[in-house]
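Here's the structure, in structure tokens; my notes come after.
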């Protein structure tokens, strides 16, 4: 089994760099899927209140018998609950069955609502109380980070953003790193579309690896936290094996050249869905 490296966040908390995401995993399948992921060797699980599967994640954790301090669990605040952060966090903690959550994120900035600064201040209170080990954001663009950094006290530990070879958000990622904010990639494989890029398939053939493994190795080589998702145990194992791969500087540069600004998900500047 490949050894997954840990990254140290800006408050000293460490996080497994390669994790497992449960976006769009059905509620009634989540426990079994996460149990498979834990059996495969994943120790970092990423969920969200909006995914409606926190309870399944919690049930898998309880059934696994893995010591709590060996696991890193992330969840996220729903957009429609930015005005009721404390209650939302308690609901997530109850669903997960955890006394302490490892990382809690604002899921989207929803700038049209003008609440993310207040939401962050409430999360600072949860962090100060010791109920979460680190707090961060997701889908925050540079202007949202500028506002947050200017008006609040704690620098986010993480910014989880859409990031894959054909959509790299390089200026945003660089800004995060300058501020000491770890970059976490969701949709790291471009929801599968980036796996058919000729340069990726050629490199995979050269390394006797899968295209997914090469893309994940690129993420890890760039210092990203990355959370691929699959419901198939064999793919889980294949993806995890990327942690044991090495990738050269020239190969990293080859991936960098693939950026085409091809966003797949919603635009954080305008996204305003409630997730309720």
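Each reported figure results from applying straightforward, stated rules to the coordinates on display, with no laboratory input. Just so it is clear, the model here is predicted, and its values are computed rather than measured. Don't worry about glycine lacking a Cβ; one is built from the backbone with ideal geometry, like all the others, and counts go over all protein chains shown.
Could you list the square roots of 5 times each eigenvalue of the Cα gyration tensor of the stretch 1-62, that is, the equivalent ellipsoid semi-axes, sorted largest first and rounded to whole Å?
They are 22, 14, 9 Å, listed largest first.
Largest first and in whole Å, what are the equivalent-ellipsoid semi-axes of the stretch 4-123 based on the Cα gyration tensor, each being the root of 5 times an eigenvalue?
On the way: eigenvalues 119, 57, 30 Å².
Equivalent-ellipsoid dimensions as semi-axes: 24, 17, 12 Å.
Jot down the radius of gyration and Dmax of the stretch 126-276, Cα atoms only, both in angstrom.
In order Rg, Dmax, the Cα atoms of the stretch 126-276 give 16.5, 50 Å.
Given 0.36 nm per residue, what is the gain on full extension from residue 5 to residue 118 after removing their alpha carbon distance, in nm?
Between residue 5 and residue 118, full extension yields 37.3 nm more.
Rank these for me by crowding, 251, 184, going from fewest to most other beta carbons within 10 Å.
Least to most surrounded, the residues fall as 251, 184.
Using the Kirkwood formula on the Cα atoms of the chain, what hydrodynamic radius do you get, in angstrom to one decimal?
Numbers: mean 1/r = 0.0533 Å⁻¹.
Kirkwood hydrodynamic radius for the chain: 18.8 Å.
Residue 146 versus residue 245, label points 7 Å from Cα toward the beta carbon: distance in nm?
Spacing of the two 7 Å Cα→Cβ label points: 3.7 nm.
For residue 273 and residue 91, what is the calculated FRET efficiency with R₀ set at 22 Å and r taken between the beta-carbons, to the nearest 0.05? Please report the intermediate quantities before stating the final value.
Details: r = 19 Å, r/R0 = 0.85.
Taking R0 as 22 Å, the efficiency between residue 273 and residue 91 is 0.70.
What share of all Cα pairs of the stretch 142-207, in percent, falls into each consecutive 10 Å distance bin?
Reading the bins upward from 0: 19, 40, 24, 12, 4.
Build a GNM of the chain with springs between Cα atoms under 10 Å: which of 237, 133, 249 gets the top mean-square fluctuation?
Highest fluctuation of the listed residues: 249.
Can you give me the Kirkwood hydrodynamic radius for the stretch 185-228, using every pair of distinct Cα atoms, in Å to one decimal? All intermediate terms of the calculation are to be shown ahead of the outcome.
Numbers: mean 1/r = 0.0968 Å⁻¹.
One decimal place: 10.3 Å for the Kirkwood radius.
Note down, for the stretch 51-199, the three equivalent ellipsoid semi-axes (square root of 5 times each alpha carbon gyration tensor eigenvalue), biggest first, whole angstrom.
25, 22, 14
What would the Debye equation give as log₁₀ I(q)/I(0) for the stretch 184-273 at q = 0.11, 0.15, 0.16, 0.22 Å⁻¹, counting only Cα atoms as equal point scatterers?
Debye output, listed in q order: -0.31, -0.57, -0.64, -1.16.
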